[in-house]
1. Mind listing the long-range amide H neighbours of Val55? Cut-off is under 5 Å, sequence gap 5 or more, other chains count too, H placed in the peptide plane at 1.01 Å from N.
2. Hey, fewest Cβ within 10 Å first, where do Thr147, Thr59 land in order?
3. Would you kindly derive the ³J(HN,Hα) couplings of the range 99-112 from the backbone phi angles with the Karplus curve 6.51 cos²θ - 1.76 cosθ + 1.60 (θ = phi - 60°), listing them in order in whole Hz, with x for Gly and Pro?
4. How big, on average over all directions, is the shadow cast by the Cα convex hull of the range 57-130, in nm²?
5. Trypsin sites (Lys or Arg not before Pro) within the range 114-154: which are DSSP loop residues with at most 12 other Cβ atoms inside 10 Å?
6. Can you spot the lysines whose alpha carbon is less than 29 Å from Lys138's alpha carbon? Ignore those fewer than 8 places along the same chain.
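Every number in this text was worked out from the coordinates using simple rules, so none of it is lab data. Quick caveat: nothing in here was measured; it's all calculated off a predicted structure. Methodologically, a virtual Cβ is constructed for each residue, glycine included, from the backbone with ideal geometry; neighbour enumeration extends over all protein chains shown.
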Amino acid sequence: MFSFSKVLAFGLVALSSVRAIPFTQVSCSVDFGTSVGPTHAFNAVEPGFYLIINVATNTPVIASAENGEVGMAIEGRRPDDLGKWELKKADQGGFKIYNVALKDSPIWSSNGELFCGKFKEAETFAVEPAGPGVFNIKEVNRDDEWTVLDSSWPIPLLRLDESHGRKEQLWRLIPVPK
């Protein structure tokens, strides 16, 4: 068996003999082009099933009931399917977002509050990167974003509100199984 000192001595002898022989330096380069790595943006959202977590409250969005308000889950409670959302590509760009339990989409009322119901055609929402791992969710035909209301309700509600760049308008999308 070789000892460390014998291997070291052999390496030093080999190195000194190589230094004594003149040689030309050879270099090569490899162009990987675009074939290596992801082919889409790092922060891109794909159709699928998600928990939608607000950055300010660190709680997921939930639907309260059919034709009911859309709000935030109570902190510390794990949401069931009322807190799970499916994002489907929309024809005009953006996504149609459906609650998994109710199979309804958030729609906005005249005062901007979001409800989950069938009494109006599903809205189309843009999900746009707003920083590493966070997104803005906004109505595609308006510049209003999903915003957590600072209200006296025990469960904060959501509404469409003009962009202010606040944490109440930032969202993380956590993929979940169907």
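1. Amide H neighbours of Val55, under 5 Å, 5+ apart: Leu170, Trp171, Arg172.
2. So the residues, fewest neighbours to most, are Thr59, Thr147.
3. Once rounded to whole Hz, the list reads 6, 5, 5, 8, 6, 10, 10, x, 10, 9, 8, 4, 8, x.
4. Numbers: hull surface 22.2 nm².
For the Cα atoms of the range 57-130, the hull's average projected area reads 5.5 nm².
5. Working: sites: Lys118, Lys120, Lys138, Arg142; in loops: Lys118, Lys120, Arg142.
Here the sparse-neighbourhood loop sites are Lys120, Arg142.
6. Those lysines meeting the cut-off are Lys84, Lys88, Lys89, Lys96, Lys103, Lys118, Lys120, Lys167, Lys178.
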